[in-house]
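The values are calculated or read from the model by the stated rules, or taken from the named source; none is laboratory data. From a predicted model like this one, the values you see are computed outputs, not experimental measurements. In this analysis, Cβ positions are derived from the backbone assuming ideal geometry, glycine residues included, and neighbour counts consider all displayed protein chains. These accessible areas exclude ligands, DNA and RNA; they are computed on the full protein's heavy atoms, side chains included. Shrake-Rupley method; radii C 1.70, N 1.55, O 1.52, S 1.80 Å.
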Amino acid sequence: PGDGTTTSKYWILGDIVHSSPLVVSAPNMRYETVNGDETYAAFKEKYQRRRQMVYAGGNDGMLHAFNAGVWDVADKEFETRNYNSATGEYDLGQSHELGAEMWAYVPMNLLPHLQWLKEINYPHVYFVDAPSQAFDVNIFNNDAVHPNGWGTILVAGMRLGGGEMAVDLHGDA
């Protein structure tokens with residue numbers, strides 16, 4: 001801050017051109033109503049107050065996950081701690097600021113291509129630039145995390161970043 005006690009940090013995020021940010025919040029499909037699948041109701045109930053996340057692919061080669069908090073209906077504000085559906089309370093554990101990056105993932109096949117990001121005359125390269133989608137699916141084992149086998153998956157693509165790119169790994173060019 002300007003008191004000389006800490007060092008400022010600058011986080012650089014790659015451009016998000018074609019990958020619109022996707023908010024994943026509480027399960028909201030109506031499989032129990034539309035399809036008569038009562039097994040979905042338990043999953044929906046368990047995660048009705050789960051942490052919202054914002055996912056966006058960047059042309060820095062990463063799929064980014066940002067904290068969007070847990071909406072507290074009673075207080076009409078976002079809570080930064082996890083909601084524990086078993087106790088009906090917010091966990092006393094670690095809190096994450098709204099907008100904080102929770103994690104980022106680089107697909108293995110993009111690793112050799114990240115070298116271009118350091119180029120002074122950076123030739124813009126597409127990486128993880130497809131819009132992401134999330135789906136509630138029944139593909140898991142029935143356990144404490146996946147009631148009746150239900151869970152949410154994130155599907156992220158690479159649009160143009162997924163095409164073939166020639167890389168000279170040995171400097172023979």
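A few points about this structure:
- Of all residues in the stretch 123-139 being free of Cβ contacts under 8 Å to residues at least 24 places away in the same chain and open to solvent by less than 70 Å² (accessible area, probe 1.4 Å), the one that is farthest from residue 14 (Cα to Cα): 137
- Residues in the stretch 49-59 that are open to solvent by less than 40 Å² (accessible area, probe 1.4 Å) and either in a loop (DSSP other than H, G, I, E, B) or hydrophobic (A, V, I, L, M, F, W, C) (or both): 51, 53, 54, 56, 58, 59.
- Number of residues in the stretch 60-86 that are in contact with a Lys or Arg (Cβ under 6 Å, 6 or more places away or on another chain) and of a type in the set (D, E, K, R): the value is 0.
- Hits in the stretch 17-43 - residues which are under 24 Å from residue 69 (Cβ atoms) and free of Cβ contacts under 8 Å to residues at least 60 places away in the same chain: 21, 23, 25, 26, 28
- So residue 46, is it more than 21 Å from the chain's Cα centre (by Cα) and open to solvent by 50 Å² or more (accessible area, probe 1.4 Å): no
- Segments classed as strands (runs of 3 or more DSSP E), wholly inside the stretch 60-114, with at least 2 members that are surrounded by 17 or more Cβ atoms within 10 Å (Cβ to Cβ): 63-72
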